[in-house]
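Chemist: Just dropping this structure here.
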Amino acid sequence: MGTISSPLDRPIRTAAVISTEDEAIAVARTIAGVFGGSGQAPETAEARLDLLSRSGLLGVSVPTDHGGIDVSNTILAAICTEAAAQSATLGEILAAHFVGLEHVRSWGTEGQNTTVFSAALAGARLAGASVQRKEEPVDALVLLPHGLAWRLNGEAHCTPCTRHADWVLVPTRPGGRTAGLLLPVRTPGLRYAANTCEPANGKPQPAEHVLFKDVVVDGDTLLHPAGESAQRAVPHDLELLLEASRHLGAGRRVFERMLDRPDVATTTIGLLSARLAAADAMIAEAGRAIDAAQIGLAEHHRTNAFLAAAAALAIAREASGHAKDAETAQSDAEVSTDGLPAHVFSAVHESGRIHLDRHRHPQDEES
């Protein structure tokens, strides 16, 4: 009891072994370049996803007692930031995968952990599902009793290219309590509304619309009855953290584009760099708080992790929003510096000048 089925009809992969956190960041940067279209990138989404699986990146958060290197949550956030800075789609795919693994780590049985973690080390990927809808307060699909099992019906918006993942984590509610359900993506009854996972006209890849039609669910695939503490549990905190990292990555992507503008004001660059740096620092602090919550048993560890992750998300989202507003502003006069004391304005202006000089004259930097 307490096991999760392996993905159906999936050939065995051979994934690279990543042995250090620095190597994980380097691999993330390389894969992000592939998804971002630099170099000789594979032409199809399926080929890019296969490259991701073989890179070893999907196993870096696996605990050490299951053969992984269990990188810190600050490193996970840095990986998602690197990804999102070049590809919003890759950032979302990696965040959903790492959050899914944390659900297994936090609430899975030993058998479930063994199955999923060994598969992740071999390149298996977890996708995520969201069932929230504006028109009604729904945050999970209802599981109805079906003999000794359950039956699932409904629809969800899932991580881009879920059909090419191995499992999808679906929030469900059996017997009135919220639980995570980890389903192989080829389970009978799962229907994918789109015909392809290729983005249209170069646009960001949208969420994949998935229908659940009379899906028979074994109770052993339920990860956890989360109960009332779910809002201050490590998987939820990690989800907030990695969402913050994706906003930071998006802000950095805009920032890099603005550095290429010949008419950009140095003060604008200085302000944006300061906001992005503040978000980066908040994300790093939240990562450390979540690290503490993973090993600490006291309630204050979980509370601190949640507060830090929520703060990081708010700051990162604001920084990303400022970057987008600055990029679309008709002139630098629209980027307000009103209210800044003279010495702060001077520091911000100098910061912007340094960033622009480094970007425009990289050969002048010291090695």
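Chemist: Once you keep just the Cα pairs under 8 angstrom separated by 6 or more residues, what percentage relative contact order results for the chain?
Modeler: Values: 670 pairs, mean separation 62.9, N = 367.
Once divided by the residue count of the chain, the mean separation gives 17 percent.
Chemist: For the chain, with the dipole built from +1 on Lys and Arg beta-carbon atoms and -1 on Asp and Glu ones, taken about the Cα centre, which of Ile354, Thr64, Val116 lies farthest toward the positive end?
Modeler: Highest projection toward the positive end goes to Val116.
Chemist: As an exercise, identify the GluC sites (Glu not before Pro) in the range 22-127 lying in DSSP coil whose Cβ has no more than 13 other Cβ atoms within 10 Å.
Modeler: Details: sites: Glu23, Glu43, Glu46, Glu82, Glu92, Glu102, Glu110; in loops: Glu43.
Loop-located and lightly packed - Glu43.
Chemist: Quick one: how many Å² of His103 are accessible to a 1.4 Å probe, rounded to 10?
Modeler: 30 Å²
Chemist: Turning to a different aspect of this structure: What are the ³J(HN,Hα) values, in whole Hz, obtained from phi via the Karplus relation 6.51 cos²θ - 1.76 cosθ + 1.60 with θ = phi - 60°, for each residue of the range 115-123 in sequence order, with x given for Gly and Pro?
Modeler: Residue by residue, the range 115-123 yields 5, 6, 5, 5, 5, 4, 4, 8, x Hz.
Chemist: Let me ask you something else. In whole percent, what relative contact order does the range 69-147 give with Cα contacts below 8 Å and a gap of six or more residues?
Modeler: This gives 20 percent for the range 69-147.
Chemist: Compute the signed sum of charges (Lys and Arg +1, Asp and Glu -1) over the other residues within less than 15 Å, Cβ to Cβ, of Asp280.
Modeler: Neighbour charge sum, excluding Asp280 itself: +1.
Chemist: Using Stokes-Einstein with the Kirkwood hydrodynamic radius over Cα pairs, what translational diffusion coefficient do you get for the chain at 37 °C and a viscosity of 0.692 mPa s, in µm²/s rounded to a whole number?
Modeler: Diffusion coefficient, whole number: 151 µm²/s.
Chemist: Still on this structure: Using only the Cα atoms of the range 73-171, build the gyration tensor, take square roots of its eigenvalues as a ≥ b ≥ c, and label the shape rounded, prolate or oblate: rounded if a/c is under 1.5, else prolate if a/b is larger than b/c, else oblate.
Modeler: In terms of gyration-tensor shape, oblate.
Chemist: What does the charge add up to near Thr44, with Lys and Arg as +1, Asp and Glu as -1, over the other residues with Cβ less than 11 Å from its Cβ?
Modeler: Working: positive: Arg48; negative: Glu43, Glu46, Asp50, Glu198.
Net of charged neighbours comes to -3.
Chemist: Farthest toward the dipole's positive end in the chain, which of Thr89, Thr303, His157, given Cβ charges of +1 (Lys, Arg) and -1 (Asp, Glu) about the Cα centre?
Modeler: Of the listed residues, the answer is His157.
Chemist: Let me spell out the model: positive unit charges on the Cβ of Lys and Arg, negative unit charges on the Cβ of Asp and Glu, origin at the Cα centre of the chain. What dipole size does that give, in debye rounded to 20?
Modeler: The dipole of the chain has a size of about 860 debye.
Chemist: State the cysteines of the chain left without a partner when partners are defined as other cysteines whose beta carbon lies under 4.7 Å away.
Modeler: Lone cysteines by the Cβ rule: Cys80, Cys158.
Chemist: Taking the Cβ of Cys80 as the centre, find all other residues whose Cβ is under 15 Å away and add up their charges (Lys, Arg: +1; Asp, Glu: -1).
Modeler: Residues close to Cys80 contribute a combined charge of -2.
Chemist: Kindly express, to the nearest 10 degrees and within the range 0 to 90, the angle between helix 88-107's C-alpha long axis and the longest C-alpha principal axis of the chain.
Modeler: Orientation of helix 88-107: about 50 degrees from the principal axis.
Chemist: While we're on this one: What value, in deg cm²/dmol to 500, does the helix sum -39500 (n - 2.57) over DSSP H runs of n ≥ 4 give at 222 nm once divided by the residues of the chain?
Modeler: Details: 9 runs with 176 residues, N = 367.
Helix-only estimate at 222 nm: -16500 deg cm²/dmol.
Chemist: Return the long-range amide H neighbours of His209 (sequence gap of 5 or more, or a different chain), with a cut-off of under 5 Å between placed amide H atoms.
Modeler: Cys158, Ala193, Ala194
The values are calculated or read from the model by the stated rules, or taken from the named source; none is laboratory data. On a predicted model such as this, the values are computed, not experimentally measured, just so you know. Every residue, glycine as well, gets a Cβ built from its backbone with ideal geometry; the counts of neighbours run over all protein chains shown. In case anyone asks, the SASA skips ligands and DNA or RNA and just uses the protein heavy atoms, side chains included. Shrake-Rupley method; radii C 1.70, N 1.55, O 1.52, S 1.80 Å.
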